[in-house]
Structure formats: C-alpha cells, structure tokens
Amino acid sequence: MSFSLIEANPDYIDLIMEIEKDCFIPQIQERREVFLERIKAGAGKGTFLLFIDDETCRPAGYICGEFMEKVPSDPAGIALNHNPATVKESAAFSVFYISSFGILTEYRGKGNGNHLWKQALSAFEKLPGIKKLVLLVNENWSGALHIYESTGFSATALFKGFFPDGNGIFMEKNICL
C-alpha cells in the first residue's frame, strides 16, 4: 500500500472530522472550528498534512502541528481545542508541537501507522528553524508510544489527568542539523 502526503485545505474538513471521530473518544475530539483554524494557520507551511491512499485517492489519516516559541511547561498551552492562531509565526520559533495524528481504523494493524508517522516526521524535521519536535500522548496508547519511542522521542514530563482515561506523557525529540 502506498500513500502520498498532501497539505490539508478547508475542502477536506468533512473527511478530517470523519478521521477524528474514528480515532478518538468524544471527550478528546477536536472541534471542526479548531481544525479549520489549524489549516488556516498552517497554509503553505506544511503543518497540516493528509495521508492519501494512492489506490482509493481518499485520506487514510492526518497529522497536524504548530510552531511554538519554547517547549510548554504547562499543559494549558496544549490543551484540547486550544487555538493555534494565538501562536504568532516567527522565524525564531524552534519548537514544533505535533498536536494530532490519526489513522482510520481500516489502515491500522498493518504497519501503516508507523510508515505514515515516519513519512510525516521526515517532513516536519525539515521545517525551517525547527530544532525540537514535541507531542503529548495518552499513557494508555501503547501502540502510539512504541512508534514515538522507536523514532527517537523521549518522555520528559507527565501531565496527570490530562486525558479523561489517563495521564498525558509529554515527549520530545531533538533535531540534528
């Protein structure tokens, strides 16, 4: 199975929301308006990507993130449905926060998640000025934790009760230039 990476645009919002509902319990699903803001904030920057199944030409998943000035020390800065537009763009930003990553159920369990993660990670590592990638993952998502750890992410903080069903593990990866 092969996939292409394309930049998301508002025309894909219904499909993005289908993926979101398929991947996450209702309590942690991002709102449509938030995804539209993330698409707008990242337009032309490669920060909101869709994984397109080359056979069906339909999105199999998405990944998105945003530039940050520094690694957040408070989970409020990365809380569910936070507005990425509040983070102003600057060439000085050296941190990229991967805010969401979802793969449709039908593509899971076949190595696609790992493959697509690595494909997106390669693109994010080439973003201008980025020296560190960060993310937050539920401690109960063992498959995701394994993928992140296998690609060089390390746990640096625990945000107790961040998710309705568990703690959040904050992870970081330094980018070597």
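Looking at the range 8-63, the accessible area is 48 square angstrom per residue; that uses a 1.4 Å probe and ignores ligands, DNA and RNA.
For the chain, with all protein chains in place and a probe radius of 1.4 Å, 52% of the accessible heavy-atom surface sits on carbon or sulfur.
Let me make sure I get this right: for the range 102-177, a, b and c are the square roots of the gyration tensor eigenvalues over alpha carbons, sorted descending. Under 1.5 in a/c it's rounded, otherwise prolate if a/b > b/c, else oblate. Which is it? Each step should come with its number before you reach the end.
Numbers: a/c = 2.24, a/b = 1.12, b/c = 2.01.
In terms of gyration-tensor shape, oblate.
Normalising the average separation of contacting C-alpha pairs (under 8 angstrom, six or more residues apart) by the number of residues puts the relative contact order of the chain at 20 percent. With 10 Å bins beginning at zero, the pair-distance distribution over Cα atoms of the range 100-145 amounts to 21, 51, 25, 3 %. Projected over all directions and averaged, the alpha-carbon convex hull of the chain occupies 9.4 nm². In the chain, taking the dipole from charged Cβ atoms about the Cα centre, the farthest positive-side position among Ala41, Ser100, Thr156 is held by Thr156. A simple spin-label model places pseudo-atoms 7 Å from Cα toward Cβ; at Met17 and Thr156 they are separated by 3.5 nm. For His146, the accessible area of its heavy atoms, probed at 1.4 Å with every protein chain present, is near 120 square angstrom.
Estimated purely from DSSP H runs of n ≥ 4, each contributing -39500 (n - 2.57), the mean residue ellipticity at 222 nm for the chain is -7500 deg cm²/dmol once divided by its residues. Heavy-atom accessible area, probed at 1.4 angstrom with all protein chains present, ranks Met17, Met1 as Met1, Met17, highest first. A convex hull fitted to the Cα coordinates of the range 1-81 yields 113 cubic angstrom per residue.
Rolling a 1.4 angstrom probe over the protein heavy atoms with all chains in place gives the range 88-177 an accessible area of 50 Å² per residue.
The values are calculated or read from the model by the stated rules, or taken from the named source; none is laboratory data. Predicted model, so just to flag it, every value in this text is computed and none were measured. No Cβ is skipped: glycine too gets one built from the backbone with ideal geometry, and neighbour counts run over all protein chains shown. Please note that ligands, DNA and RNA were not included when accessible areas were found on the heavy atoms of the full protein model with its side chains. Shrake-Rupley method; radii C 1.70, N 1.55, O 1.52, S 1.80 Å.
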